[in-house]
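The values are calculated or read from the model by the stated rules, or taken from the named source; none is laboratory data. Model, not experiment: these values are computed from the prediction. Cβ: placed from backbone, ideal geometry, glycine included. Neighbour counts: every protein chain shown.
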Amino acid sequence: MTAKVLAALRVPGTDVHEVVQVHRRYLMELMQQWTRIKRDKADHDLGLALRIDAELFRLDSVIRWLDAADRHLMYAAVRPPPRPVPPTLPRLDGRAAVPTVRANRPVASRAAQDRIRISDHDREHATARLCDHFAEGRLTREELDERITAALSARTAGDLHRAMADLPGPRPGGRFVTPPLAARTDLGAQ
């Protein structure tokens, strides 16, 4: 459900409020059906009554989440967009510094790269890769939903790296190669 709402936010021309309302109406109809079944068939079956109650509570929690998401969307629509914060430049003390240990340099540059802001295209590319991993069986539906949520809310390259860290990267043929093999292939190409 979360993935659907977040995907609707990214699709131009989609009325996200309407998407939320369609799902809400569907869930309300399901709750009414379960309530009728409970009234008609669960009077003398405690196990069935408990299972139906569990499903009703689950559906109620999803409806509450949809209501909260809809409130957030309405609030976001009426509030002004945040003002961009100008970047601050580091202060120089006038001395040129030469790094004494070169082994620390790649770590520092990776940390600097992880702080770089990402674009909508980067987020969409990451979600497409996550869907590919799901299709190949590397992720469960729950993991896919969590990671797509993380990817769509990511602001920096480091946020995306964390969502994709334990997954193999793409290779030229569109197939995925596990990290140890990819490392050997990359070393051979240099």
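Odds and ends about this structure:
- Taking the stretch 1-16 as the range and being in a helix (DSSP H, G or I) and out of contact with any helix residue (DSSP H, G or I) (no Cβ under 6 Å at 6 or more places or on another chain) as the test, the residues that pass are Lys4, Ala7, Arg10.
Residues checked against (1) touching a Leu at 6+ places or on another chain (Cβ under 9 Å); (2) modelled with pLDDT of 85 or more; (3) not assigned by TED's automatic domain parsing to the domain that holds Leu152; (4) not aliphatic (A, V, I, L, M):
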{"site": "Gly13", "(1), (2), (3), (4)": "no, no, yes, yes"}
{"site": "Met31", "(1), (2), (3), (4)": "yes, yes, yes, no"}
{"site": "Asp45", "(1), (2), (3), (4)": "no, yes, yes, yes"}
{"site": "Leu48", "(1), (2), (3), (4)": "no, yes, yes, no"}
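- Residue in the stretch 30-41 that is closer than 30 Å to Arg123 by Cα and of a type in the set (A, V, I, L, M) present: no
- Per this entry, Arg129 is not counted among residues that are of a type outside the set (A, V, I, L, M, F, W, C), at pLDDT below 85 and more than 24 Å from Leu27 (Cα to Cα).
- Test: residue in the stretch 22-35 that is of a type outside the set (S, T, N, Q), without any contact (Cβ under 8 Å) to a residue 60 or more places away in the chain and part of a loop (DSSP other than H, G, I, E, B): no
- Conditions (1) at pLDDT 85 or above; (2) over 12 Å from Arg123 (Cα atoms); number of the one not met by Thr178: (1)
- Of Asp122, Asp67, Asp93, all but one fail to be out of contact with any helix residue (DSSP H, G or I) (no Cβ under 7 Å at 6 or more places or on another chain), at pLDDT 85 or above and of a type in the set (Asp, Glu); the exception is Asp67.
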